Amino acid sequence: MAIITLTTDFGEKDHFAGAVKGAIYTELPTAKIVDISHSIAPFHITEASYIIKNAYKSFPEGSIHIIGVDSELTPENKHIALKLDGHFFICANNGILSLIASEYVPEKIVEINIHAKVESNFPVLDVFVKVAGHLARGGTLEVIGKPIQEIKQLKEVEPYFNSEQNQIKGNVLYIDNYGNVVTNISKKLFDKIGKGRKFMMRARTATFTEIYHTYSDAINFNTDQLNREDGKKLAIFNSGGYIELAIYKSNPSTVGSASTLFGLEWRDTVTINFE
């Protein structure tokens, strides 16, 4: 039985996530359900795409990913299902798949057309679950939708580098649960423009001259007063391949985090100048 994942902006307080899981088990009693996240900021397509893009590749091919973010059916927001990179995705055609699929061409896309057969004002619970159940049983996309050639395109803010190739300007892409700030500057772009040169990275008042590969690389574990390293600012290349700004052992609700201490929010500017 294929794995079915859930990524939504439902939160943990309400009944929505639990009801969707119940509907899946009613449809498929032996289903394997994995929560990727239910804490996406409401209607935040960019945040959802970042999380799904970095999570789905860890699942086996054939997995089915239900995305319940901005999923209400409207004339401008049709429902789609597609196969991409060996995985199935079910969501609204609101541009989120264009951000997830930026590196791949979808193998097949359909616009879901089973709505007349399913009474619902909660499409993730009813329509998306029905489609997931069909696919999990080995059904084809064409049975639940009509083939289409394109999905709605969204263009996220891209990093900029100047003609002299001595500066990169990027933006905050995502802020995680620890308050760490993920930028849209990839290691690939940093290496291409930087070519091993010294640099100064600035994010508001915070500056960095070194980027580590792990959080612990920045910490001196030989010191007798290791606790003094807690709260140290650092930059790393994270597991998604992007530059991330962090505070060692931060806690947004107590000692603060990179986001709160540096005063950074989504889409704020991060600049790297090379010597």
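The values are calculated or read from the model by the stated rules, or taken from the named source; none is laboratory data. On a predicted model such as this, the values are computed, not experimentally measured, just so you know. Reconstructed Cβ throughout: ideal geometry from the backbone, glycine too, with neighbour counts over all protein chains shown.
Please determine whether any residue of segment 123-143 is assigned to a helix (DSSP H, G or I) and within 30 Å of LYS187 (Cβ to Cβ). Scanning segment 123-143 turns up no residue that is assigned to a helix (DSSP H, G or I) and within 30 Å of LYS187 (Cβ to Cβ).
Within segment 132-166, if we keep just the residues that are in contact (Cβ under 8 Å) with a residue 60 or more places away in the chain and in contact with a Ser or Thr (Cβ under 7 Å, 6 or more places away or on another chain), the residue that is nearest to THR5 (Cα to Cα) turns out to be ILE151.
With buried (at least 16 other Cβ atoms within 10 Å of the Cβ), part of a helix (DSSP H, G or I) and either modelled with pLDDT under 95 or among the hydroxyl-bearing types (Ser, Thr, Tyr) (or both) as the only criterion, which of TYR25, TYR56 stands out? Matching residue, one of TYR25, TYR56: TYR56.
For segment 30-51, the tally of residues that are β-branched (Val, Ile, Thr) and part of a strand (DSSP E or B) stands at 3. A residue that is in contact with a Leu (Cβ under 9 Å, 6 or more places away or on another chain), assigned to a helix (DSSP H, G or I) and either of a type in the set (Gly, Ala, Ser) or in contact (Cβ under 8 Å) with a residue 12 or more places away in the chain (or both) occurs nowhere in segment 70-88.
Within the option set LEU125, LEU135, LEU154, being closer than 19 Å to SER63 by Cα, at pLDDT below 95 and in contact with a helix residue (DSSP H, G or I) (Cβ under 9 Å, 6 or more places away or on another chain) holds for one residue only, LEU125. Of ILE114, ILE80, ILE66, all but one fail to be in the same structural domain as LYS21 (by TED's automatic domain parsing), of a type in the set (Val, Ile, Thr) and touching a Ser or Thr at 6+ places or on another chain (Cβ under 8 Å); the exception is ILE66. Of all residues in segment 10-18, none are modelled with pLDDT of 95 or more, part of a loop (DSSP other than H, G, I, E, B) and either closer than 30 Å to GLU158 by Cβ or hydroxyl-bearing (Ser, Thr, Tyr) (or both).
The residues listed here are GLU119, GLU103; of these, the one that is part of a loop (DSSP other than H, G, I, E, B), under 18 Å from the mean Cα position of the chain (by Cα), in the same structural domain as THR26 (by TED's automatic domain parsing) and not aliphatic (A, V, I, L, M) is GLU103.
Restricting ILE114, ILE100, ILE66 to those that are modelled with pLDDT under 95 and surrounded by 22 or more Cβ atoms within 10 Å (Cβ to Cβ) reduces the list to ILE100.
Counting the residues of segment 95-126 that are without any contact (Cβ under 8 Å) to a residue 24 or more places away in the chain and of a type in the set (D, E, K, R) gives 3.
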